[in-house]
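Participant: Pasting a structure below so you can have a look.
The values are calculated or read from the model by the stated rules, or taken from the named source; none is laboratory data. Since the model is a prediction, treat every value here as computed from it, not as a measurement. Cβ: placed from backbone, ideal geometry, glycine included. Neighbour counts: every protein chain shown. The area values use the complete protein model at the heavy-atom level, side chains included, leaving out ligands, DNA and RNA. Shrake-Rupley method; radii C 1.70, N 1.55, O 1.52, S 1.80 Å.
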Amino acid sequence: DTEVTQTPKHLVMGMTNKKSLKCEQHMGHRAMYWYKQKAKKPPELMFVYSYEKLSINESVPSRFSPECPNSSLLNLHLHALQPEDSALYLCASSHLGLGGYTFGSGTRLTVV
Amino acid sequence: KNEVEQSPQNLTAQEGEFITINCSYSVGISALHWLQQHPGGGIVSLFMLSSGKKKHGRLIATINIQEKHSSLHITASHPRDSAVYICAVAQGSQGNLIFGKGTKLSVKP
């Protein structure tokens, strides 16, 4: 299995909703990443998990809460989002500098 | 100044043409990635380079570490190559990427 699987592919949520984005990989990668991408812009790093521990948090608002339950799974819990949080959320994984950087197909999030 | 600069920003080519996209960076890196993104889609990793040259089908990527410059070449371009091509560099031990702004390529039949 050489894929990063993200679910759901599309999500529409209200500003008072709580939802979660999921990411899964079975390549044995020990680093997993969340990126946010606005239209016609490059991705921006949000969080990095290294060996299941949060190693980088790029000053992301607390309404985004990451979780790494095990080495194959990465979640992003969403609560009280704003319309400006609407974006494509990309998950990626890697062998921590040894290659194998793989992106998921993303979750297109719309906050209404 | 951005840490990763790509040129050109937009590129239109006729089918069959040879295409070059350039990337310059100003920081120390552990690797450089070339990525492809189709409209509304996820990102596909094309190459990871730390030195020299790599080839995959019609795609060739080169890097000059001393000059902090990389190029992506597409030979015999085809309309299905139309996409945004992104140069990204990996820094530090966590492998997180710093992205260029991308080059939007359109190949006309």
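Participant: Quote the relative contact order of the stretch B:1-75 in percent (integer), defining contacts as alpha-carbon pairs under 8 Å separated by 6+ residues.
Facilitator: Details: 119 pairs, mean separation 22.1, N = 75.
Relative contact order of the stretch B:1-75: 29 percent.
Participant: In nm, give the distance between the simple-model label positions of A:S62 and B:I65, each being 7 Å from the Cα along the Cα-to-Cβ direction.
Facilitator: Placing both labels 7 Å along Cα→Cβ, they lie 4.4 nm apart.
Participant: How would the stretch A:7-112 be classified by its alpha-carbon gyration tensor: rounded, prolate or oblate, with rounded meaning a/c under 1.5 and the a/b versus b/c comparison settling the rest? It would help to have the intermediate numbers written out before the result.
Facilitator: Numbers: a/c = 1.83, a/b = 1.64, b/c = 1.11.
Taking the square roots of the gyration eigenvalues as a ≥ b ≥ c, the stretch A:7-112 is prolate.
Participant: What does a probe at A:K9 reach in the stretch B:36-56, counting residues whose amide N is under 13 Å from the point 7 Å along Cα→Cβ?
Facilitator: Label zone hits: B:40-42.
Participant: Per-residue HN-Hα couplings for the stretch B:91-103, Karplus 6.51 cos²θ - 1.76 cosθ + 1.60 at θ = phi - 60°, whole Hz, x for Gly and Pro?
Facilitator: Working through the residues one at a time gives 10, x, 8, 8, x, 5, 9, 10, 9, x, 7, x, 10 Hz.
Participant: For the stretch A:45-112, with all protein chains present and a 1.4 Å probe, just round the carbon and sulfur fraction of the accessible area to a whole percent. Walk me through the numbers before you get to the answer.
Facilitator: Values: 1420 of 2830 Å².
Taking all protein chains in place, the stretch A:45-112 shows 50 percent carbon and sulfur surface.
Participant: Continuing with the same structure: Compute the distance in nm between two label points, each set 7 Å from the Cα along the Cα-to-Cβ direction, one at A:E52 and one at B:E15.
Facilitator: That separation, rounded to one decimal, is 5.2 nm.
Participant: To continue, here is another question. Chain pair B, A: how much accessible area is buried, both chains summed, with a 1.4 Å probe, in Å² to 100? Before the final figure, lay out each step's value.
Facilitator: Values: alone 5990 and 6170 Å², together 10740 Å².
The B and A chains share an interface burying roughly 1400 Å².
Participant: Still on this structure, please answer the following. Output needed: Cys residues of chain A lacking any neighbouring Cys C-beta below 4.7 Å, sorted by number.
Facilitator: Taking the Cβ cut-off of 4.7 Å, the unpaired cysteines of chain A are A:C68.
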